[in-house]
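Asks: After the structure tokens below, expect a handful of questions from me.
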Amino acid sequence: MKRILVMTSLTMILIACQIPFAAAQENSKPVPAFQIFDNLYYVGLDSVCAYILKTSGGLILVDTLYEEFADQIPKSMQQLKLNPKDIKYIIVTHAHTDHTGGANALQALTGARVGMAEGDWQMNGLGTYTSSGGQHRQFKPIRRDLVIKDGDTLTLGDTTIKFYITPGHTPGVTSIEFPVFDQGKRYKAFMFGGMGLNTVNGARVAQQFVDSVKRVMAVPDVQVNITNHPEPAQIFERARKLRARKPGDPHPYVDPEGFRTWLQTTLAAGQKKVEAERAANRP
Ligand SMILES: [Zn+2]
């Protein structure tokens, strides 16, 4: 009897480990915060990312995690000796609860202005996260500060970042081009704000996703891939390499070829989705 119980709990652990990382906030855990570049810090969870971009005029926070983890970002910032009150802008890549859930609380805590694209402001307070688990979850509405438009730039202190509206995963996915520095040397980083096909339904939206991937592929000279979930850009694997880096070694996040390869894979998956949706007669 005892033996059966042991086996059952082991089986349950094994099943739990097979749940996809992005499946639900219940499976997410904090990880120690870390610095990636001179001006870029990781303040996210094991399953979903949030980043601080440091400028001479204050901080920009990209994404806010699940509502349940809103206090994790200030905690992570404390580990990095960064002050949450220095956050001037909060950019939300898209209005699913894993990226926008903490925005309401962080907006209140920091007084920062929150920016999102119009398509996703329409989801404000209604944001659902329709993962394989099928959850429909709400998040607390956010004060509508900034409506990000395609091609907009945002300058804070010495830093200018550029936005691309790349719909598909949601109607208003916001992608960001921004500079990062490694011991003073400048590189071009890019964050594709909605890279998952899990919420893409119908041939029209699938085609929109494909067009967005093509758009990102056309951005010239991207050297660093920063993703809003860790796996696609091997955020943690590269962090381990960064910790072990010897003087003179290249920065493990600088990988233009890896970025292009990943986009090609994402494009192929998107094109397959378009065909599948057409074949199933789902416009
Ligand atoms: Zn999403």
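Asks: Roughly how big is the stretch 177-238's charge dipole about its Cα centre, with Cβ charges of +1 (Lys, Arg) and -1 (Asp, Glu), in debye to the nearest 20? Please list the in-between numbers first.
Replies: Details: 7 positive and 6 negative charges, 32 e Å.
Rounded to the nearest 20 debye, it is 160 debye.
Asks: Taking only the Cα atoms of the stretch 30-279, how large is their convex hull per residue, in Å³?
Replies: 116
Asks: May I ask for the Rg/Rh ratio of the stretch 175-283, computed from Cα atoms with Rh as the Kirkwood radius, given to two decimals? Working shown, then result.
Replies: Numbers: Rg = 16.2 Å, Rh = 15.2 Å.
Value, to two decimals: 1.07.
Asks: Also, quick follow-up: What share of Cα pairs, in percent, lie more than 17 angstrom apart in the stretch 209-248?
Replies: Values: 392 of 780 pairs.
When all Cα pairs of the stretch 209-248 are counted, 50 percent exceed 17 Å.
Asks: Counting only heavy atoms of the protein chains, get the accessible area per residue of the stretch 149-220 (1.4 Å probe) and round it to a whole Å² value. If you can, show how the numbers build up before the last one.
Replies: Working: 2870 Å² over 72 residues.
Result: 40 Å² per residue.
Asks: Got a number for the accessible area of Leu242? Probe 1.4 Å, square angstrom, nearest 10.
Replies: Rounded to the nearest 10, that gives 30 Å².
Asks: Any idea what the relative contact order of the chain is, in percent, if you count C-alpha pairs under 8 Å spaced at least 6 apart?
Replies: On the way: 575 pairs, mean separation 38.2, N = 283.
It rounds to 14 percent for the chain.
Asks: Hey, another quick one. Explain nothing, just the number: dipole magnitude of the chain about its Cα centre with +1 on each Lys and Arg Cβ and -1 on each Asp and Glu Cβ, in debye rounded to the nearest 20.
Replies: Working: 32 positive and 26 negative charges, 79 e Å.
Using only the charged Cβ atoms, the result is roughly 380 debye.
Asks: So how do 85-96, 248-259 stack up, highest first, on mean other-Cβ count within 10 Å? Spell out each step's value before the answer.
Replies: Values: 85-96: 24.6, 248-259: 15.5.
Top of the packing list down: 85-96, 248-259.
Asks: Compare Ala233, Ala269, Ala103 in a GNM of the chain, Cα atoms joined below 10 Å, and give the one with the largest fluctuation.
Replies: Of Ala233, Ala269, Ala103, the Gaussian network model singles out Ala269 as fluctuating most.
Asks: Give the percent of DSSP beta bridges with both residues in the chain that are antiparallel, rounded to the nearest 5. Intermediate values should be presented prior to the final figure.
Replies: Details: 28 of 40 bridges.
The antiparallel fraction comes to roughly 70 percent.
Asks: So, one more: Can you tell me the dipole magnitude for the stretch 44-134 around its Cα centre, using point charges on the Cβ only (Lys, Arg +1; Asp, Glu -1), in Debye to the nearest 20?
Replies: On the way: 6 positive and 9 negative charges, 96 e Å.
Dipole size: approximately 460 debye.
Asks: In the chain, with Lys and Arg counted as +1 and Asp and Glu as -1 at Cβ, which of these residues, Met217, Leu242, Gln183, has the Cα nearest the positive end of the dipole, that is, farthest along it?
Replies: Positive-most Cα among the choices belongs to Leu242.
The values are calculated or read from the model by the stated rules, or taken from the named source; none is laboratory data. These numbers come from a predicted model, not from an experiment. As a convention, Cβ positions derive from the backbone with ideal geometry for all residues, glycine included, and neighbour counts pool all protein chains shown. Areas reflect the complete protein model, heavy atoms only, side chains present, ligands, DNA and RNA absent. Shrake-Rupley method; radii C 1.70, N 1.55, O 1.52, S 1.80 Å.
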